[in-house]
1. Return the distance in nm (one decimal) between the two label points of a simple spin-label model at PHE365 and LEU381, each offset 7 Å from Cα along Cα→Cβ.
2. Under the rule a/c < 1.5 gives rounded, and otherwise a/b versus b/c splits prolate from oblate, where does segment 29-262 land using the Cα gyration tensor?
3. To the nearest 10 square angstrom, how much accessible area does LYS219 have with a 1.4 angstrom probe?
4. Using amide H atoms built in the peptide plane, which far-off residues or other-chain residues are under 5 Å from LEU257 H to H?
5. What list of ³J(HN,Hα) couplings, whole Hz, do you get for segment 238-246 from phi and the Karplus terms 6.51, -1.76, 1.60, once you set θ to phi - 60° and write x for glycine and proline?
6. Which entries in LYS29/LYS219; LYS219/LYS246; LYS246/LYS275 show an alpha-carbon gap greater than 27 Å?
7. Along the Cα→Cβ direction, 7 angstrom out, place labels at LEU51 and LEU121. What is the inter-label distance in nm?
8. Return the FRET efficiency for the residue pair THR39, VAL193: r is the Cβ-Cβ distance, R0 is 51 Å, and the value is rounded to the nearest 0.05.
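The values are calculated or read from the model by the stated rules, or taken from the named source; none is laboratory data. Quick caveat: nothing in here was measured; it's all calculated off a predicted structure. Neighbour counts are summed over all protein chains in view; Cβ atoms, including those assigned to glycine, are modelled from backbone coordinates with ideal geometry. SASA here: full protein model, heavy atoms, side chains in, ligands and nucleic acids out. Shrake-Rupley method; radii C 1.70, N 1.55, O 1.52, S 1.80 Å.
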Amino acid sequence: MATAPKEAENAIGLEEIHMERQEPPKGQKTFTVEEAVETIGFGRFHIALFLIMGSTGVAEAMEIMLIAVVSPLIRCEWQLQDWQVALVTTMVFFGYMVFSIALGLLADRYGRWKILLLSFLWAAYFSLLTSFAPSYIWFVFLRALVGGGVSGHAQGLIIKTEFLPTKYRGYMLPLSQVFWLAGSLLIIGLASVVNTTIGWRWLIRIASIPGILLVLVFKFIPESARYNVSTGNVAAALATLQWIAKMNGAVMPQGELREPTKESRGKFKDLMHPKYLRTTLQIWIIWLGIAFAYYGVILASAELLERDLVCGSAAPPMQDARDDSEESHSPCHCHLFGPAAYQAMIISTVGEIALNPLNILGINFLGRRLSLCITMGCTALFFLLLNICTSSAGTTGFLFMLRALVSANFNTIYIYTAEVYPTTMRALGMGTSGSLCRVGAMVAPFISQVLMSASFIGALCLFSSVCIVCAISAVTLPIETKGRALQ
């Protein structure tokens, strides 16, 4: 294998488990996948890879954010209570959590590309079925299955990570946030038109189109060469690397491709191995905390703005005369989104890319650990600043910055998790982390919508405290992956 930096030989060692080394004949030149990837460099293949695999974020964002824009309509259609509406979101993340581990295991055993294709077909199929849901129970069940399919989209990030040269990973991977932003803005824009004309069922059908289109272009992206060589399929890995070199107009390293074959693949106990245990536990804490803060900000935005309008007063906020209709006082509590609501959603969503340039600089110059520690610490600070009595514009600004910071947190931890684990357990590491992420997302509604109503400052302090714990966990991670070759 390629020689890793000295820092990789610290507390967790990051050496391969159960490796069977094959010595090449004396005098024969050899090279590894890592060396081939670095020699080939960045080119046209990587641009295509970025556009196709990055676009998985568009489909994922549209499916995840879909519930936020159809909730008012299904509430009216099926006369749902608040907890029933919240349960839809919870079940989406529950499906994501359960399937994330299973698909991570399967990806480490059978390949990233196959699982990515399966997850897109699965999510698109059940998303289309959701649009025909005859009742609330069917809607919840089918959306949970959609959440399960969406969890497999993380394999697109892993494929990108395993093909990118070391010095480009810290720049290209954070830029993928652009695709999530595009998907979020697209579903909000579509909802503002489709919901008021042909209805939410057609919105769901339209939202499934990007996922179906992506399936058609997946054939242009090969299976990970690192995965193939780790399973002993050196011929397939070599063919892939030669094709990439030709596409980039580059040359391959001289010699024969050789890598140790791993006997142990994608086992959960490997994450608990003494050399990985501390890293795994701290990564899980960070993932859970980041998701808790991210979805807490999204779900609490409406209540935070409402509190700001009355500046701590117990008086109810003034309602627009247009909302004082028979529909707004109906037994099913219909409060359909108007143009102002969609505009507010767009403004806050744009905040997710506001700090992207600074985030990229921090990741590449300060390192993954310190960069994540700083953004998590700032997230904790802005949660506390929300308690300040200020103008509506001031509160909107705080929310804008919070969305920017929690997005930066996600960028950094995604990169770090993909880099810190070896190929044999990279997908499993991402899958289990994604599951813990959804646990945080499932807990967030109870804090942002229930506890916040009872104790505003108490909820903010809880969010802030979790972010501080994550900041400490980030800066004390056993290894810095900046500039480090993938294992």
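1. Result for the modelled spin labels: 1.8 nm.
2. In terms of gyration-tensor shape, prolate.
3. Result for LYS219: roughly 150 Å² accessible.
4. Those lying under 5 Å, H to H, from LEU257 are PHE31.
5. Ordered by residue, 3J(HN,Hα) equals 5, 4, 5, 5, 5, 5, 5, 4, 5 Hz.
6. LYS29/LYS219; LYS246/LYS275
7. 2.6 nm
8. Efficiency, from the Cβ-Cβ distance: 0.55.
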